[in-house]
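The values are calculated or read from the model by the stated rules, or taken from the named source; none is laboratory data. All figures in this text were calculated on a predicted structure; none of them were measured in a lab. Using ideal geometry, Cβ is built from the backbone for each residue, glycine included, and neighbour counts are taken over all protein chains shown.
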Amino acid sequence: MASVASSSSTATARPGGGRASTGRAAAPARRLTAERKQEIRDAFDLFDVEGTGEMPAHEVGVALRALGVRLDASELHAQLARLHEQQGLPATPGRVPFAVFLALVSEQLVRRSPTRAVKRSRQTLML
């Protein structure tokens, strides 16, 4: 019975109602190097001028472009809404917490990495 209580407290302790939703959002971030995560944190901190752990939503696109990620406005809004929900965080109008920003950037960087490697390989072969 103690193990049942232990597993249920673990599940309820996580925002969003369980490991599955939090794990999916966090998985790409685990694949990034510590150096790359620090670059993401530094980019975020430039816009978190109040030190609240949130940045203005209208600045997310600028921060993403600085990190080499390009998303159109509709895709960006959809991704932010999905990640807020996955992370179990309330969607604060006009604000994006670091956890959501990290998940967004991580997903985009991990998703495009194989394609980018193939493109670089082709360019090298063409030379």
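Tabulated data
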| read-out | value |
| --- | --- |
| Some residue of region 35-55 being among the small types (Gly, Ala, Ser), modelled with pLDDT of 90 or more and part of a helix (DSSP H, G or I) | yes |
| Answer residue from region 88-127, given it is hydroxyl-bearing (Ser, Thr, Tyr) and part of a helix (DSSP H, G or I) and is modelled with the lowest pLDDT among those | 121 |
| Test result for residue 36, surrounded by fewer than 18 Cβ atoms within 10 Å (Cβ to Cβ), within 16 Å of residue 108 (Cβ to Cβ) and in contact (Cβ under 8 Å) with a residue 60 or more places away in the chain | yes |
| Residue within region 18-32 that is farther than 20 Å from residue 88 by Cβ, in a loop (DSSP other than H, G, I, E, B) and modelled with pLDDT under 80 present | yes |
| Number of positions in region 42-100 that are of a type in the set (Lys, Arg) and in contact with a strand residue (DSSP E or B) (Cβ under 6 Å, 6 or more places away or on another chain) | 1 |
| Candidate set from region 45-72 (those that are exposed (fewer than 15 other Cβ atoms within 10 Å of the Cβ) and among the hydrophobic types (A, V, I, L, M, F, W, C)); member that is farthest from residue 110 (Cα to Cα) | 49 |
| Lone qualifier among 75, 85 - being surrounded by fewer than 18 Cβ atoms within 10 Å (Cβ to Cβ), assigned to a helix (DSSP H, G or I) and modelled with pLDDT under 90 | 85 |
